[in-house]
Every structure is written in C-alpha cells, then in structure tokens.
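The values are calculated or read from the model by the stated rules, or taken from the named source; none is laboratory data. Just so we're clear, the structure is a prediction, and the values are computed from it rather than from any experiment. For neighbour counting, all protein chains shown are included, and Cβ atoms are generated from backbone atoms with ideal geometry for every residue, glycine included.
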Amino acid sequence: MIIAVDGPTASGKGTIARQLAAHFAVPYLDTGLLYRAVGRQVDLNGGDADSAADALAASDFDESLLDDPALRSEAVGSLASRVSVHPQVRAALNKRQVDFAHQPGGALLDGRDIGTVIAPDADVKLFITAPAEIRARRRHAEMVERGEQVAFETILSDTIARDERDTNRADAPLKAAQDALLLDTGDLTIGEAVQRAIALVNAQI
Ligand code: C5P
C-alpha cells in the first residue's frame, strides 16, 4: 500500500504522516528533508540557492546532513523552497523517492508532489491544508516555544511567500492530485486531524 501525503507548510502533514505510517505499519519518508539537505549543503558550500548550478552541485549532499537538527530551522526551510524550484535538483532527488515509494510492502511519503509526480499510482492520496493565517500561527508558536524571537507578521509573510513559490513553480508545483482526498486541519486539534486521516485511509483501502 502506497500512501501519499501532500500539502503546504505547517498544514499538519508531517505529524499526520508520521502517525499514519505508525498506525498502518509502513516505512515513512519525509521528502522535505531531502530538499532541506540540499538547501543546507548549498549554504555550507558557500553557494547561492537561486543558482541552478550551485543547487544541483549540492544535491550530492553529505548523507549525515539528514540527521542534522539544523535542517528543521526556518532558514533552511526557506533555502529548501528556493533550491526545490530547479528541475535539475528535483530530477536528482526523484529516484530515491520513487524507489522508496515502490518498495515491497508499501510506504508512506509526505511532501508537495508525492501524489502527482513521485507516486501517481498511490493507493491513497491525502492533501492536507489549513488557512495561511492558522499555519503561520502554528509555526510562530513552535518558534516561540523553541525560544526564538520573531514577529508573527514575519512568519505570516514568509508562509505566504513559501506557498507562492511552491505553488507557482513550473516543475512539480504544490497541488492536490485530482484523486486526492482533502483534509482541512484549520479547526482541528492534531489528535482530531490524525483520527480523520486514519478514517479517510481506511475508507479507501
Ligand atoms: O515540507 P518541508 O517544509 O520540510 O519542505 C521544505 C521545502 O522543500 C518546501 O517548501 C518545498 O519547497 C520543498 N519540497 C518540495 N517537494 C517535496 C518536499 C519539499 O518541493 N516533495
């Protein structure tokens, strides 16, 4: 069974994906981490995330980067969004995602283009959303909890900018597959959202 989970930043898709994978006992890949690793590697190389050549060179990143807690930072998330625009970078990362999705026994992947590009043949596709204002509030609360001082307005404008870049890029833009089931988590607690997601998957298999 292949489960594809897509959606914008801070929609809750990461938490939902992890819990779904545990519930249905399938291996899980957070594909955003791959793009984050490329973004971080560009930075370490002293390159420019907007340069296709620099971003492509960084797609040969050091695997140990995937365990680096710095990958979760806002700064690296923004770099990831910039490198992920380059088709050469997406092509370089595609094979490992396609292979992971199609391993015997199934898999669950979350990202932006899992249901549309990586696994259009997925058995279940979920598209997780929530209004930008609510997603920005979640990100802001997480940062405050980590002790980071940042204005809510900054996070809101960054969230909107990230959505626009991810949605409007030519190659593999963020969008719901035609056969995806939509789940808006705006008014739900994370526990409620996970229960809804489990019910949606169960109804499809
Ligand atoms: O999901 P996460 O916030 O970790 O992703 C960081 C960035 O990586 C996204 O904003 C998006 O631009 C890019 N990404 C992508 N395709 C994926 C996963 C992430 O383009 N499958």
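Evaluation of Arg139 against the conditions (1) out of contact with any Pro (no Cβ under 8 Å at 6 or more places or on another chain); (2) closer than 30 Å to Ile205 by Cβ shows that the sole unmet condition is (2). Of everything in segment 67-87 that is more than 12 Å from the ligand (Cβ to nearest atom) and exposed (fewer than 14 other Cβ atoms within 10 Å of the Cβ), the residue that is farthest from Gln149 (Cα to Cα) is Asp67.
Of the residues making up segment 108-129, none is touching a residue at least 60 places away in the same chain (Cβ under 8 Å), more than 21 Å from Ile3 (Cβ to Cβ), surrounded by fewer than 17 Cβ atoms within 10 Å (Cβ to Cβ) and more than 15 Å from the chain's Cα centre (by Cα). Put simply, of Ala177, Ala141, Ala172 the only residue that is within 18 Å of Ile16 (Cβ to Cβ) and assigned to a loop (DSSP other than H, G, I, E, B) is Ala177.
When you look at Gly7, is it touching a Lys or Arg at 6+ places or on another chain (Cβ under 7 Å), under 13 Å from Arg112 (Cβ atoms) and surrounded by 19 or more Cβ atoms within 10 Å (Cβ to Cβ), yes or no? It would help to see each step written out before you state the result.
Values: touching a Lys or Arg at 6+ places or on another chain (Cβ under 7 Å): yes; under 13 Å from Arg112 (Cβ atoms): yes; surrounded by 19 or more Cβ atoms within 10 Å (Cβ to Cβ): yes.
Spelling it out, Gly7 is indeed touching a Lys or Arg at 6+ places or on another chain (Cβ under 7 Å), under 13 Å from Arg112 (Cβ atoms) and surrounded by 19 or more Cβ atoms within 10 Å (Cβ to Cβ).
Does Arg139 count as in contact with a Gly (Cβ under 8 Å, 6 or more places away or on another chain), within 13 Å of the ligand (Cβ to nearest atom) and touching a residue at least 40 places away in the same chain (Cβ under 8 Å)? No; evaluated as a whole, the condition is false for this residue.
The one condition from (1) modelled with pLDDT of 95 or more; (2) assigned to a loop (DSSP other than H, G, I, E, B) that Gly147 does not meet is (1). For segment 35-44, the criterion of being of a type in the set (Val, Ile, Thr), within 14 Å of the ligand (Cβ to nearest atom) and within 20 Å of Arg139 (Cα to Cα) is satisfied by no residue at all. For Ala136, the conditions (1) of a type in the set (Gly, Ala, Ser); (2) modelled with pLDDT under 95; (3) part of a helix (DSSP H, G or I) are fulfilled apart from (2).
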